[in-house]
Amino acid sequence: MADETRGAAGGTCLIVHPVLQVFHKGDSQISSGRDSASMISEISGLAEAIHLDILDVVSCNVRKISAGHFLGKGVREDVVALVEEFDPTVIIVNAALSPVQQRNLEIEWKSKVIDRTGLILEIFGKRAQTREGKMQVELAALSYQRSRLVRSWTHLERQRGGAGFMGGPGETQIELDRRIIDDKITSLKLQLEQVRKNRDLQRRSRERVPFPVVALVGYTNAGKSTLFNTLTGADVFAEDLLFATLDPTMRRLKMPGGRDVILSDTVGFISDLPTHLIAAFRATLEQVQYADVILHVRDISSPETEDQRLDVISILKDLGIDYDVDPRVVEVFNKIDLLDRDQGFGAWLRDPEMRGRQVPVSAVSGEGLDVLLSVIEATMMGSQTEMVITIDASNGKAFSWLHRHASILERQDDESCEKVHLRVSIEDGEYQKYLGLFSGQSIS
């Protein structure tokens, strides 16, 4: 039976979903505010994202976490019976397991076991395409692997002698493995730091060519890549899979008013994002911090849309973005084509915290995209003022400064080619700085 059910691409799996419970004065309640069925659907989607065939899902209440196994004896015995029946390639536990718990479950179930973090790392490893993305995945995987160096295999029981950098006398295989991993982690961090410096140079270069950046963020599978493709005419991989996009992608987009912007698609967020991945992908997400507009794309058709919103807010907060007060944030209610129009989405549009920064759209049908583009333009303008500044054609310093600190909307050279008239959009504070530096210039 096992051979008949084994998937051709990714293999087969059993999913074990623990429902954690806490106690208050003798009464038990589910500790997670999220619906258990939705959480099972999400972990199933993660498994399907790497083409695993799901043989069965075991949902179980966990009143007390076992230090050695996480799960109680009865649940473990139920899984043993399923393993004997199905012979799965892997068993996925929808929780964060300690190294000891993972090892003990593998011994008892006689099968490969991975937890939620391991599964997400597996997806990231298969999806990363760019050199930076691959390095970030490897860094996250090494950090995760380092914590799992617990005498899980027989070769780790051996003592290995040596000399010099190969390890001193009596150094255990675990210590040697850990040192090798530490060296790789150090090397990758140095390489990623160089990538970050290069990105900063590229960002400063973009600032000299005044293209504002519009960043798409949101929960995984919210439709960011579909929206990106629809707006830019690109062909970024967009499929109904969790984490369909990992590597940041940028395209130029012309706005209705004629301005060019850079639209950036980013990795999708997810609840309980493993700390290894938050650290590893911080460099990728840093571009969001410098964006002129942040579009939070929400799957408004999902019953979990509010919980997903809170997850995104939490991760943005880690990046130093105060969601409710940051004027750059715009909520995009995507997938309205899947909504029951009788129910509508009026309640969300009246959210006082967002002060009207919410736009319902369908990335598939195109409905609402014209309104979205108008909101993007209005958000970019913010507190900026349009004016015409005339400078000497030979004044390279003033010209360069305006490129860095303002948006140049139009340029006209006079007939003598001695003067340049620039129509710019500039923030009030930057305008005052300009007056202090170049007070002799003509402004109209």
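The values are calculated or read from the model by the stated rules, or taken from the named source; none is laboratory data. Because the structure is a prediction, the values reported are computed rather than measured. With ideal geometry, Cβ positions are generated from the backbone for all residues, glycine too; neighbour counts draw on all protein chains shown.
Among the residues of segment 373-418, those that are β-branched (Val, Ile, Thr), out of contact with any Asp or Glu (no Cβ under 8 Å at 6 or more places or on another chain) and in a strand (DSSP E or B) comprise Val388, Ile389, Thr390, Ile391, Ile408. Which is in a helix (DSSP H, G or I) and either modelled with pLDDT of 85 or more or not assigned by TED's automatic domain parsing to the domain that holds Lys110 (or both), of Ser41, Ser59? Ser41 is the lone residue from the list that is in a helix (DSSP H, G or I) and either modelled with pLDDT of 85 or more or not assigned by TED's automatic domain parsing to the domain that holds Lys110 (or both).
Among the residues making up segment 319-341, those that are surrounded by fewer than 21 Cβ atoms within 10 Å (Cβ to Cβ) and touching a residue at least 40 places away in the same chain (Cβ under 8 Å) are Pro327, Arg328.
Looking only at residues that are small (Gly, Ala, Ser) and modelled with pLDDT under 50 in segment 167-196, which one is surrounded by the most Cβ atoms within 10 Å (Cβ to Cβ)? Selected residue: Gly167.
Within segment 387-422, being among the acidic types (Asp, Glu) and within 19 Å of Leu437 (Cα to Cα) holds for one residue alone: Asp392. Please tell me if Gly26 is surrounded by 13 or more Cβ atoms within 10 Å (Cβ to Cβ), farther than 30 Å from Arg309 by Cβ and either under 29 Å from the mean Cα position of the chain (by Cα) or at pLDDT below 85 (or both). No, not satisfied.
Just to be sure, is Val288 crowded, with 17+ Cβ neighbours inside 10 Å, at pLDDT 90 or above and of a type outside the set (S, T, N, Q)? It is false that Val288 is crowded, with 17+ Cβ neighbours inside 10 Å, at pLDDT 90 or above and of a type outside the set (S, T, N, Q). Is it the case that segment 155-166 has a residue that's of a type in the set (A, V, I, L, M) and either in a helix (DSSP H, G or I) or at pLDDT 70 or above (or both)? Taking every residue of segment 155-166 in turn, at least one turns out to be of a type in the set (A, V, I, L, M) and either in a helix (DSSP H, G or I) or at pLDDT 70 or above (or both). Scanning segment 110-150 for residues that are free of Cβ contacts under 8 Å to residues at least 12 places away in the same chain and not in a helix (DSSP H, G or I) returns no hits. Looking across segment 375-408, the residues that are under 30 Å from Phe333 (Cβ atoms) and either among the acidic types (Asp, Glu) or in contact (Cβ under 8 Å) with a residue 12 or more places away in the chain (or both) come down to Val375, Ile376, Glu377, Thr379, Met380, Met381, Gly382, Ser383, Gln384, Ser407. Of all residues being closer than 17 Å to Gly396 by Cα and surrounded by 15 or more Cβ atoms within 10 Å (Cβ to Cβ) in segment 431-442, which is modelled with the lowest pLDDT? Just the residue, please. Top of the filtered list is Gln441.
Let's see how each residue does on (1) among the β-branched types (Val, Ile, Thr); (2) modelled with pLDDT under 85:
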site	(1), (2)
Gly368	no, no
Val371	yes, no
Glu415	no, yes
Gly429	no, yes
